[in-house]
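As structure tokens, the structure follows; a few thoughts come after it.
Any read-out appearing in this document is the output of simple, stated calculations on the displayed coordinates, not a laboratory observation. Here the structure is a predicted model, which is why all the values come from computation and not from measurement.
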Amino acid sequence: MKTNNPESEAGLYFFTIYTHRQETRLGRITRRGMRANALGRTTEAHWHNLSRVFPNIRLDAFTLMPDRIHGIIEIEEDAPHGIATILRTFKSFSAREINKIQQTPGNMIWQQVHDECNLHDTAALEETQAFIMTAPTRWQDDHRQRLNPVSRQKTGYSLNWLLPSFLAAEV
């Protein structure tokens, strides 16, 4: 799902960032949905602050999960920074704040790599927005499958069914 676009290409970008080792450290899923803990609330605050740091972006859909975040960012024409820089900055600022809260300076909070995809049309945007907003409802199935490697081997399990259909076809 990595893009081959130049760093500062305008457009809508869907991304997923996982916590280091996919640890469930941002909160938990309950019957009522995702319940963020202090680290999750810090992550959400940094998401909302991104458009102040980068005034040439617009934040779209976003959801916090226990071990990852999903979001959509729109980058305006002639923006000086691209999606990779924006997400790197987000990870750096939020990790610094989380480590301050936990009193663990320098600890890895996020995986170094992230997934991103340019959303080329309205249908892709709408499907991805729905995917993001309903992600917490799929948590139990996703989490159960990832924790059971024997089940994954027997069934040929992959996470493709968790992606919007236009992205699953690319993987």
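Where Rh is the Kirkwood radius over the Cα pairs of region 1-122, the temperature 37 °C and the viscosity 0.692 mPa s, what D in µm²/s does Stokes-Einstein return?
222 µm²/s
Using the Karplus curve 6.51 cos²θ - 1.76 cosθ + 1.60 with θ = phi - 60°, what ³J(HN,Hα) values do you get for each residue of region 55-61, in whole Hz, with x for Gly and Pro?
Using θ = phi - 60°, the values come out as x, 8, 10, 10, 7, 10, 4 Hz.
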